[in-house]
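Accompanying notes for the structure given below.
The values are calculated or read from the model by the stated rules, or taken from the named source; none is laboratory data. Since we're looking at a predicted model, the values are computed, not measured. Every residue, glycine among them, receives a Cβ derived from its backbone with ideal geometry; neighbour counts consider all protein chains shown.
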Amino acid sequence: MLYNTDMKRIIFSVTFGLYLFAMFATQAFSATSINPSLTLNPNAVIQGEPVMVTFKNLKISEIKSVTYDKKTLSVFLYKNNPTAFIGVDILKKPGTYEIAATTTNGKILKSFLTVTARPKIEAPMAVPEKLGGNSAANQTKVVTQMTKENKDLAEIFTGAKSFWTEKFRWPVAIPIITDSYGYTRQTGAYNISHKGTDLRAKTGTKVMAMNRGVVRIATNYQTYGKTVVIDHGLGISTIYMHMSKINVNVGELVKPGQTIGLSGQTGYAEAPHLHLSIKIDKISIDPEKFIKLFE
């Protein structure tokens, strides 16, 4: 009887000890596994490319601020994770930049973004006859008008909340790039950065909204032709140029994939195509790289 009692005590002690060990080990593992984190996709870019900042194990309400190069970033939910975008300007000085987030409990999360120089590529582009021809005087006239239109586009209003939840998509059914982002077009004495991507689209091809948003511009510019600008909220806007027809109105809420117009070659365009630009906090970035963030 004594043997059984002693054995029971030993078994109980061992069992209880293992229970305590397992409990503390589980708590330690749990504490480690729920540490908040900040990741960059990608963590190295060339000038003019976008970056997606994603937080794990944090609620959006627990993020006090996020900064990049002394600039505050807007935070929204994407796939249930707090997320932010960085638009690296095409003229951004190459180097390493800190992204820092401060939580409401005072914890600071950091990561570092490497920016390298974009290769310099130049190509001539004459002013077409429909805009007056390629004389020096007309080159100046066209560039002056383009500067005015760029100023108009730079003042686009964006909403204080994110209007979208789905991933961004290409605005044409079969996206074939005919002119890439970031090279320099030489028009006489003027150098014009191509801050967008040209997509093959014969006249009349359906142009679709890349995501949910509000139409802020639907107009016919002299150089950019028939243009639609969609505000997706928190500084994100998509711009569709040189269309032959516009199917939406300013203030209209559009759905992902909704037809907003038809492609064409209005304005400063030598052949039918769709020029697509994307802006993050007023900075034009490479649309192809932006869409890859959602793959």
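Only one residue in Ile174, Ile192 is part of a loop (DSSP other than H, G, I, E, B) and among the β-branched types (Val, Ile, Thr), so which one is that? It is Ile174. Checking Leu253, Leu274 one by one, the residue that is in contact (Cβ under 8 Å) with a residue 24 or more places away in the chain, buried (at least 19 other Cβ atoms within 10 Å of the Cβ) and among the hydrophobic types (A, V, I, L, M, F, W, C) is Leu274 and no other. Within the range 96-123, residues that are free of Cβ contacts under 8 Å to residues at least 60 places away in the same chain have Cβ atoms under 6 Å from residues that are outside any loop (DSSP other than H, G, I, E, B) and among the aliphatic types (A, V, I, L, M) in these pairs: Tyr97/Leu113; Thr102/Ile108, counting only partners at least 6 apart in sequence or on another chain.
In this structure, does Thr72 turn out to be at pLDDT 95 or above, of a type in the set (Ser, Thr, Tyr) and surrounded by 12 or more Cβ atoms within 10 Å (Cβ to Cβ)? Against the criterion (at pLDDT 95 or above, of a type in the set (Ser, Thr, Tyr) and surrounded by 12 or more Cβ atoms within 10 Å (Cβ to Cβ)), Thr72 does not qualify. For the range 108-127, residues that are at pLDDT 95 or above and either over 30 Å from Arg185 (Cα atoms) or part of a strand (DSSP E or B) (or both) total 9.
Residue-level check: of (1) assigned by TED's automatic domain parsing to the domain that holds Thr187; (2) touching a helix residue (DSSP H, G or I) at 6+ places or on another chain (Cβ under 9 Å); (3) exposed (fewer than 10 other Cβ atoms within 10 Å of the Cβ), Val142 misses just (3). Out of all the residues in the range 183-190, is one or more in contact with a Ser or Thr (Cβ under 7 Å, 6 or more places away or on another chain) and closer than 27 Å to Thr140 by Cβ? Yes, the conditions are met somewhere in the range 183-190.
Looking across the range 117-132 at every residue that is of a type outside the set (A, V, I, L, M) and surrounded by 13 or more Cβ atoms within 10 Å (Cβ to Cβ), the one that is farthest from Thr178 (Cα to Cα) is identified as Gly132. The residues listed here are Thr266, Thr197; of these, the one that is crowded, with 20+ Cβ neighbours inside 10 Å, in contact with a helix residue (DSSP H, G or I) (Cβ under 8 Å, 6 or more places away or on another chain) and in contact (Cβ under 8 Å) with a residue 40 or more places away in the chain is Thr197.
For the range 239-256, a tally of residues being under 20 Å from Lys195 (Cα atoms), out of contact with any Phe, Trp or Tyr (no Cβ under 8 Å at 6 or more places or on another chain) and not aliphatic (A, V, I, L, M) returns 1. Evaluating Thr96 against the criteria (1) surrounded by 13 or more Cβ atoms within 10 Å (Cβ to Cβ); (2) modelled with pLDDT of 95 or more leaves one unmet condition, (1).
Please work out if Phe163 is of a type in the set (A, V, I, L, M, F, W, C), closer than 23 Å to Ile90 by Cα and assigned to a loop (DSSP other than H, G, I, E, B). Criteria not met by Phe163.
Applying a threshold of 6 Å to beta carbon distances and a minimum spacing of six or more residues, or different chains, the list of pairs starting in the range 152-174 at a residue that is in the same structural domain as Thr205 (by TED's automatic domain parsing) and ending at one that is part of a loop (DSSP other than H, G, I, E, B) and hydrophobic (A, V, I, L, M, F, W, C) reads Ser162/Leu234; Lys167/Phe294; Phe168/Met210; Phe168/Phe294; Arg169/Met210; Pro171/Met210; Val172/Ala201. Scan the range 133-153 and give yes if some residue there is within 30 Å of Asn57 (Cα to Cα) and more than 21 Å from the chain's Cα centre (by Cα), otherwise no. The answer is no; no qualifying residue exists.
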